[in-house]
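Participant: Below you'll find the structure I mean.
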Amino acid sequence: MGGSCAVCQAQATQCCSGCHSVFYCNRDHQKQHWKVHKTQCTPYKLSISTQLGYYMVATRDIKQGEIIIKEEPIAIGPKVVSLPICLGCSRRIRVCEDKEVYYCSGCSWPLCGPQCETHPVHVPECNLMKERGFRATIKLQGEGKKEAAYCSITPLRCLLLKKRDPSKYERLLKLQSHLEERKDTTLYNIFKNNIVGFLRDGLAMTEFSEETILRVTAILDTNSFEIRHSEGDVKIRGLYPKAAMLSHDCKPNTKHVFKGSKHVLELVSTVPIRKGDIISTTYTQTLWGTLARRAHLKQSKCFDCTCARCSDPTEFETYLGSINCSQCRKSATRSESKILSTDPLDPAAPWKCDVCSHTIPGRQMSWGNDAIRQEITLLDKSKPENLEGFLEKYKDALHQKNWHMLEVKYALSQMYGNIPGYLLSELSSRQLERKINLCTELLEIADVLDPGASRIRGLLLYDLQAAMVVQAKRDLAEDKVTKSAAQDIMVESMTLLQQAAEILKTEADMAQLLEEKLVNLSKELECDM
């Protein structure tokens, strides 16, 4: 394998170890060329197809855990409907009786305090509002109430790039919008009144046509990444042009994390990626069934997913979207049968039992899923008992790996051990064992659908080991296990914690906690229990 030296064009065999696509005849020429090449050195190349549009292909083998992309957003801001957030630092604004909300002296939008009036993210929009004589009338009311008024802020920030940073604005406009598919939807008719009305009438931004404003809004909807703020439960959105080129797959080979106050996106491989493989991410939820994932992707990203998981009626033999057959359930010899879609890529296709001839229309399956999702949404989630009641209610109709059951089980795995009244030390032996079983069951699913160094696996491993440690100590104190057996469990827990730490080391909100846990558990293992 070889090529022409990037400096002198002589025949060369030494290639760049970063991208494997540029060659040099000697080390000096490689060093000389680095100033030019470092901005282009990537382990991927962009390709395009009629089916996928733009997508990334690995130009070399990529190891698990390797950072593929580091990218700052060209725009960040609130989601379409947002909890009250500061337009400077993006932190959650708490509405409390004993503390008044601070409003910007320049534009009257809620902020953390006077220090955020000069935040570089907020200054351009604030100056424009002052210049156009606009003052916001938003008055925050109750805690946890989402505000639709935030829907115009991120599109405004994108439009302001036209003068502030024309090159970023041009990069933004090159992104796919799918505006034609969105134009006549209920949501975009609302946007015509709210976003277009606010920008063109409220702020007199008549230099931008209705079409341009809606196009920018659609670009954000199609390409934005959701960002979890490091200091709370607020989620904002960011636009990353490089990362926007990623292909979607319901079994992705990467994850993305966000670092620092600038919200730098790091794309990390979760499994080894071979040269020539498509580099993919997911724009939906791993624990959803195919009907729900494809409907979400169609509505939010305007495409029909045809990935291997969506094309497989069994979803890689996890059967997340299927239900138990009511006819076979009456027979003890056929109790394990399941209703599967006859064509997973057609939401209207009938669903049929894999054992008997019982069939359910596709529309009926969709209605059933919607009804159960609504029931889960309305569940009182303050106590695990309510979620356990749901699992008991549907244990016959929905098999244990059905996605509705898994969603509730995942919520339970997070509740047990993490909420007041149900902290690990407060759990009964039965509840502690329940948490361990839930984490183990969910890990089996994650190993298939989101394998390797995925966030869901890291969090489940962390929760599992913590519960195992408490159970081992409790069982030893109650003489249920020997000291040697308890020590073995602690060693196994250390292995799980090390795996979790390796996976979650890229997560800003987990890295320090995991390091402390590793140190503490190591000390315990060094001492006699």
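The values are calculated or read from the model by the stated rules, or taken from the named source; none is laboratory data. All figures in this text were calculated on a predicted structure; none of them were measured in a lab. Every residue, glycine among them, receives a Cβ derived from its backbone with ideal geometry; neighbour counts consider all protein chains shown. Side chains included, ligands, DNA and RNA excluded: accessible areas come from the protein's heavy atoms. Shrake-Rupley method; radii C 1.70, N 1.55, O 1.52, S 1.80 Å.
Participant: Would you rank L46, L160 by solvent-accessible area, highest first, keeping every protein chain in place and using a 1.4 Å probe? Before the final figure, lay out the partial values.
Facilitator: Numbers: L46 95, L160 30 Å².
So, going from the largest accessible area down, we get L46, L160.
Participant: Another question, then. Based on DSSP H runs of at least 4 residues, each adding -39500 (n - 2.57), what is the mean residue ellipticity at 222 nm of the chain after dividing by all its residues, to the nearest 500 deg cm²/dmol?
Facilitator: Working: 16 runs with 202 residues, N = 529.
Here the helix-only value at 222 nm equals -12000 deg cm²/dmol.
Participant: Tell me, what % of the accessible area of the range 395-490 is carbon and sulfur with a 1.4 angstrom probe?
Facilitator: Details: 2030 of 3860 Å².
Looking at the range 395-490 in its full context, I get 53 percent from C and S.
Participant: Over the Cα atoms of the range 229-298, each weighted equally, I'd like the Debye log10 I(q)/I(0) at q = 0.17, 0.18 Å⁻¹, rounded to two decimals.
Facilitator: Results for the range 229-298 at q = 0.17, 0.18 Å⁻¹ read -0.78, -0.86.
Participant: What lysines sit close enough to K298 to cross-link, taking a C-alpha to C-alpha distance under 18 Å and skipping anything fewer than 8 places away on the same chain?
Facilitator: K183, K251
Participant: Sticking with this one: Taking a probe of 1.4 Å, how large is the accessible area per residue of the chain, in Å²? All intermediate terms of the calculation are to be shown ahead of the outcome.
Facilitator: Values: 26070 Å² over 529 residues.
Heavy-atom accessible area per residue stands at 49 Å².
Participant: May I pose another question? At most 12 other Cβ atoms within 10 Å and a DSSP loop assignment: could you name the GluC sites (Glu not before Pro) in the range 253-341 that fit?
Facilitator: Details: sites: E266, E315, E317, E336; in loops: E315, E317, E336.
Answer by residue number: E317, E336.
Participant: Let me spell out the model: positive unit charges on the Cβ of Lys and Arg, negative unit charges on the Cβ of Asp and Glu, origin at the Cα centre of the chain. What dipole size does that give, in debye rounded to 20?
Facilitator: On the way: 71 positive and 65 negative charges, 307 e Å.
It comes to approximately 1480 debye.
Participant: Write down Rg/Rh for the range 1-120, rounded to two decimals, with Rg from the C-alpha atoms and Rh from the Kirkwood relation over Cα pairs. Intermediate results must be reported in sequence, preceding the final value.
Facilitator: Numbers: Rg = 24.3 Å, Rh = 19.2 Å.
Result for the range 1-120 is an Rg/Rh of 1.26.
Participant: Quick one: plug the Kirkwood hydrodynamic radius of the chain (C-alpha pairs) into Stokes-Einstein at 25 °C, 0.890 mPa s, and report D in µm²/s.
Facilitator: Numbers: Rh = 26.4 Å.
Estimated diffusion coefficient is 93 µm²/s.
Participant: Something else: Go through the range 83-137 and name the GluC sites (Glu not before Pro) that are in a DSSP coil and have 16 or fewer other Cβ atoms within 10 Å of their Cβ. Each step should come with its number before you reach the end.
Facilitator: Values: sites: E97, E100, E117, E125, E131; in loops: E97, E100.
Here the sparse-neighbourhood loop sites are E97, E100.
Participant: On the accessible surface of the range 158-256, probed at 1.4 Å, how many percent belong to carbon and sulfur atoms?
Facilitator: C and S fraction of accessible area: 44 percent.
Participant: Could I ask something else about it? Rg to Rh ratio, the range 16-73, alpha-carbon atoms and Kirkwood radius?
Facilitator: On the way: Rg = 13.7 Å, Rh = 13.2 Å.
Using Cα coordinates only, the ratio equals 1.04.
Participant: For the range 327-380, which whole-number percentage of the solvent-accessible area (1.4 Å probe, protein heavy atoms only) is attributable to carbon and sulfur atoms? Please list the in-between numbers first.
Facilitator: Numbers: 1760 of 3390 Å².
In the range 327-380, the share of accessible area belonging to carbon and sulfur is 52 percent.
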